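The next block holds one structure in the form of structure tokens; read it before the comments.
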Amino acid sequence: MTDDFAPPARLRPPAVSAADIVVDAPPGLPAPAAPGPLLRLLPLVTSVAAAGAMAVSSLPGTGAGRNPAFMALPAMMLVSALVTVIAGRGRGGDIDGDRAGYLEHLSGLRRVVAETAAAQRACERWSHPDPDTLWTLIGGPRMWERHAADADFCLVRVGVGGRPLAARLVAPAAPSRGATDPVTATAMRRFVDTHAAVADVPIAIGLRPGATLTLQGDPAAVRGLMRAMVCQLAVLHPPDELSVVGAVGDRARVHWDWLKWLPHNRHPTEADALGPARMVYPSVAAALPALAALGAGQAVVIADVDDDAGAIPGVITVAVGGGRDGAPVTIAQGGDVETLACPDRLGPVEALTCARRLAAYRVGADGRGGGSRWPGLA
């Protein structure tokens, strides 16, 4: 049994604030305070005391141990040190107060950044779901939500990694003159460097018609990523606007037998004893007649063949490249090559489950029109 399904009005993703987060400039060092009269006179008094002690010691019959003048010199030095410490304590107190205030400012911004990062992560994971959760969208209001006029049409998730923070951190310009407190300046730079990016966010790339996206690396990881990409395309894009065509060699056919369950893999005109023919072919060349029959809709060719898949005008090609076991997964498109630190992966059983669930639906014209197998319970 196949049910008609037409997605309702598209749901909006969770909101993310993109307002600039302004980081105040770190405080400068306070200017040295002018010395008071006593502090200015201390060197002179100490010098006079030292000269007097030397003069007295030079008199005949005067013993250094018995002359109290010699006690005045160390006393004056002690007083000088105490006055200097007391005078500097006020300046040090000002610096400590400025530092505490600025670090409190950074703590407040850190809370704002954490909230923004959490909202960004939630928004991106909503827009680009984890591969393991794609099946939960089937039959719901988000199935087949993307259309050719949408900005995210054929935008597909390939893994998770670091992304720039949605809100721009506006750091202060370096001071042109004057001394900056090194403690708060270092804290400010560390804050900006640490929070300018958000970790563990979905990474998505746009598939371009007429271009070939080649995945290379560990064969199992590459095919696991391709399964995740195909299922995401099939769950979020309606089959009347996006077709999935397989160009699969004999050695790779076992990995792609599940494609036949996708509504997106049905031939628009040809049929066999089981219904619409499935668009899985032994080579890219053999798939060309089917691609020509698709009409205006976008097509994605999944190429897992021994020879070079090449580019097909107007068609998106995702190809399995070479790679050894354990090699990192890289993606190449239009001369740009990127290594994925944490690529997505979907197992054969999970992909089959997703495809078989989708097989129960076809594009309907009037509302959801039986989008559930049990309409009375919807």
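The values are calculated or read from the model by the stated rules, or taken from the named source; none is laboratory data. Please read these numbers as outputs of a predicted model, since none were measured by experiment. No Cβ is skipped: glycine too gets one built from the backbone with ideal geometry, and neighbour counts run over all protein chains shown.
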Legend entry - Identity of the residue in region 98-128, surrounded by 14 or more Cβ atoms within 10 Å (Cβ to Cβ) and aliphatic (A, V, I, L, M), that ends up farthest from the chain's Cα centre (by Cα): Leu103
Inset, instruction - Inspect region 178-191 for any residue being basic (Lys, Arg), within 28 Å of Ile331 (Cβ to Cβ) and surrounded by fewer than 19 Cβ atoms within 10 Å (Cβ to Cβ) and give the result as yes or no. - result: no
Legend entry - Top-ranked residue of region 117-143 - restricted to ones that are outside any helix (DSSP H, G or I) and not acidic (Asp, Glu), ranked as farthest from Ala359 (Cα to Cα): His128
Inset, instruction - Could you tell me whether any residue of region 295-311 is modelled with pLDDT of 90 or more, assigned to a loop (DSSP other than H, G, I, E, B) and either closer than 21 Å to His264 by Cβ or aromatic (Phe, Trp, Tyr) (or both)? - result: yes
Inset, instruction - Please note which strands (runs of 3 or more DSSP E) are completely contained in region 144-238 and include at least 2 residues that are small (Gly, Ala, Ser). - result: 155-164, 197-206
Inset, instruction - Please work out which one of (1) in contact with a strand residue (DSSP E or B) (Cβ under 7 Å, 6 or more places away or on another chain); (2) part of a loop (DSSP other than H, G, I, E, B) is the condition Ala327 fails and give its number. - result: (1)
